[in-house]
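Down below is the structure, laid out as structure tokens.
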Amino acid sequence: MFYYFSRFLIRLALPIYLKKLSVSNFNKLPKGAPLMLASNHPDSFFDALIIGSVMQRPIHTLTRGDVFKKPAVAFWLRLINLIPVFRGSEGRQYVKNHDVTAQQSHDALKKGDVVVVFSEGICVNEWRLRPLGKGTARMAYKIWHGDDPLKSMRVVPTGVNYEHFRGPGKRVSLRFGTEIGPEDIQTSPLEYEKWLREFNEILDTRMNNEILTIPEDLPQTEKKERLNAFLGGVPERSNPVLKTIGSIGRLIHQPVYSFFVKKAAKLTGRTVFYDSVLFGLLIYLYPVVVILLAVILGVFAGWQAGLGLFFALPLLAWVGAQYR
């Protein structure tokens with residue numbers, strides 16, 4: 001229930017947080033087949049939120065195992081279907097957990113759910129696909145050719161592309177590529193290492209087709225041109241009344257928003273977790289602020305006023321984000 005509640009909040013909040021979210025080839029995803037989405041990883045947990053917001057089926061996301069080391073944190077992370085992945089470099093005691101990760105992913109796929117794998121292995125705020133690790137290939141091999149094989153599973157190359165990586169007001173493009181099935185790999189499963197290499201070569205090519213690449217040394221003007229060409233424009237909103245209301249909405253929300261921005265910056269510094277933490281604070285704590293203010297107003301001015309404030313504040317936030 002917490003997963004579905006979180007997805008509900010995310011779907012409500014994204015139109016406020018994002019300037020634009022465009023989704024490509026969603027209708028081409030295989031219907032009814034178990035899906036492993038092999039995605040790039042430029043913006044930490046926020047990548048999974050973007051993907052999960054458009055999927056109708058529940059998603060299970062493989063994520064770095066070190067964030068599960070605190071039991072209280074691990075409890076909440078599992079409630080939103082995160083599956084820990086521990087690297088051998090984190091300690092020999094975690095090697096045994098590789099099989100547990102694979103089994104949990106296999107169980108989710110058998111139920112018809114979606115498993116999201118970040119195939120680069122690490123998160124970096126940049127516009128390019130980093131070299132792929134072998135984790136996705138190993139999982140695909142185990143699911144297709146291991147015990148209790150699931151031949152109907154399809155690997156879908158997925159690209160999440162951002163205008164920027166710090167806070168709201170960004171354009172985002174989510175693109176699904178051409179699926180990969182076991183029949184696409186020509187190498188015999190008996191040649192394990194060669195099979196993994198061929199899988200990664202195919203996956204790398206198909207993922208790159210869905211990901212915007214911008215060299216680090218590209219001049220700022222050319223960078224903007226590439227972003228605009230890839231992400232597309234935003235519909236012009238010229239209604240003067242709504243623009244005025246939007247200005248009022250931003251002014252009213254500025255103190256609360258500034259508090260969350262400072263809190264997220266303090267918790268994450270300049271790390272890749274900033275977007276995820278800021279968005280998480282907003283979707284879980286902003287409703288609490290709205291409810292508290294509505295209750296306080298209701299006590300002093302009547303329940304009609306409190307109820308009006310409860311609906312007015314989120315609406316003002318939305319208009320403030322859309323009409324600038």
Computed ³J(HN,Hα) along region 204-213: with the Karplus parameters 6.51/-1.76/1.60, θ = phi - 60°, integer Hz and x for glycine or proline, the list is 4, 4, 6, 5, 4, 5, 10, 10, 6, 10
Stretched fully, the stretch from Asn228 through Thr244 gains (0.36 nm per residue minus C-alpha distance, one decimal, in nm) 3.1 nm
Checking His106, His145, His41 against a Gaussian network model of the chain (alpha-carbon springs below 10 Å), the top fluctuating residue turns out to be His145
Answer in debye to the nearest 20: the dipole magnitude of the chain about its Cα centre, from +1 Lys/Arg and -1 Asp/Glu charges placed on Cβ, is 960
Relative contact order of the chain (C-alpha contacts under 8 Å, at least 6 apart) in percent is 22
Between Leu82 and residues 5 or more places away or on another chain, the pairs with built amide H atoms under 5 Å apart involve Thr61
In nanometres, the difference between 0.36 nm per residue of separation and the alpha-carbon distance of Arg130 and Gln304 is 57.2 nm
Across Ser44, Ser238, Ser53, the residue with the highest GNM fluctuation in the chain (Cα network, 10 Å cutoff) is Ser238
All alpha-carbon distances of region 189-324, grouped into 5 Å bins from 0, give the whole-percent distribution 2, 8, 10, 11, 12, 15, 12, 9, 6, 5, 4, 3, 2, 1, 0
Toy charge model, Lys and Arg Cβ at +1, Asp and Glu Cβ at -1: region 159-217 dipole around Cα centroid in debye, rounded to 20, equals 440
Scoring only Lys, Arg, Asp and Glu (+1, +1, -1, -1) among other residues with Cβ under 9 Å from the Cβ of Thr187 yields 0
With only helices counted (DSSP H, runs n ≥ 4, each -39500 (n - 2.57)), the per-residue ellipticity at 222 nm for the chain, to the nearest 500, works out to -17000 deg cm²/dmol
With the convex hull built on the alpha-carbon atoms of the chain, volume per residue in Å³ sits at 164
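What's the FRET efficiency of Asn25 with Glu183 using the Cβ-Cβ distance as r and R₀ = 22 Å, to the nearest 0.05?
Efficiency, from the Cβ-Cβ distance: 0.60.
Can you give the FRET efficiency for Ser152 and Lys266, using 1/(1 + (r/R0)^6), R0 = 56 Å, r = Cβ-Cβ distance, to the nearest 0.05? Please list the in-between numbers first.
Details: r = 47 Å, r/R0 = 0.83.
Efficiency computed from Cβ-Cβ geometry: 0.75.
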Mean 1/r over distinct Cα pairs of region 198-245, inverted to a Kirkwood Rh in Å, yields 14.1
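To one decimal place, what orientation-averaged projected area in nm² is obtained for the convex hull of the Cα set of region 261-314?
Details: hull surface 15.7 nm².
Mean projected area of the Cα convex hull: 3.9 nm².
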Straight-line reach check, Lys20, cutoff 14 Å on alpha carbons, 8 or more apart in-chain or any other chain, hits among aspartates and glutamates -> Glu163, Glu236
Expected vector for region 219-235, Karplus 3J(HN,Hα) from phi with 6.51, -1.76, 1.60 and θ = phi - 60°, integer Hz, x for Gly and Pro, equals x, 4, 5, 5, 4, 5, 4, 5, 4, 5, 5, 7, 8, x, x, 10, x
Straight-line reach check, Lys263, cutoff 19 Å on alpha carbons, 8 or more apart in-chain or any other chain, hits among aspartates and glutamates -> Asp43, Asp275
Of every hundred units of 1.4 Å-probe accessible area on the chain, the number belonging to carbon and sulfur atoms, as a percent, is 62
Diffing region 241-250: the Karplus 3J(HN,Hα) column from phi (6.51, -1.76, 1.60, θ = phi - 60°), in whole Hz with x for Gly and Pro, holds 5, 5, 5, 5, 4, x, 5, 5, x, 5
At R0 = 45 Å the Cβ-Cβ FRET efficiency linking Tyr192 and Gln56, nearest 0.05, sits at 0.80
The pairs in Lys151/Lys194; Lys170/Lys194; Lys19/Lys223 lying past 30 Å Cα-Cα in this model are Lys170/Lys194
Computed over region 180-244, protein heavy atoms only, probe 1.4 angstrom, the accessible area per residue in square angstrom equals 63
Of Val261, Val156, Val115, the most mobile residue in a GNM of the chain (C-alpha springs, cutoff 10 Å) is Val261
Once Lys and Arg are counted +1 and Asp and Glu -1 for all other residues with Cβ under 14 Å from that of Arg57, the total becomes +4
In units of 2.2 N^0.38 Å, the Cα radius of gyration of region 121-168 is 1.58
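The values are calculated or read from the model by the stated rules, or taken from the named source; none is laboratory data. Computed from a prediction, not measured in an experiment: that's the story for all the values here. All Cβ positions, even for glycine, are placed from backbone atoms using ideal geometry, and neighbour counts span all protein chains on display. Each accessible area value is taken on the protein alone, full model and side chains, heavy atoms only, with ligands, DNA and RNA left out. Shrake-Rupley method; radii C 1.70, N 1.55, O 1.52, S 1.80 Å.
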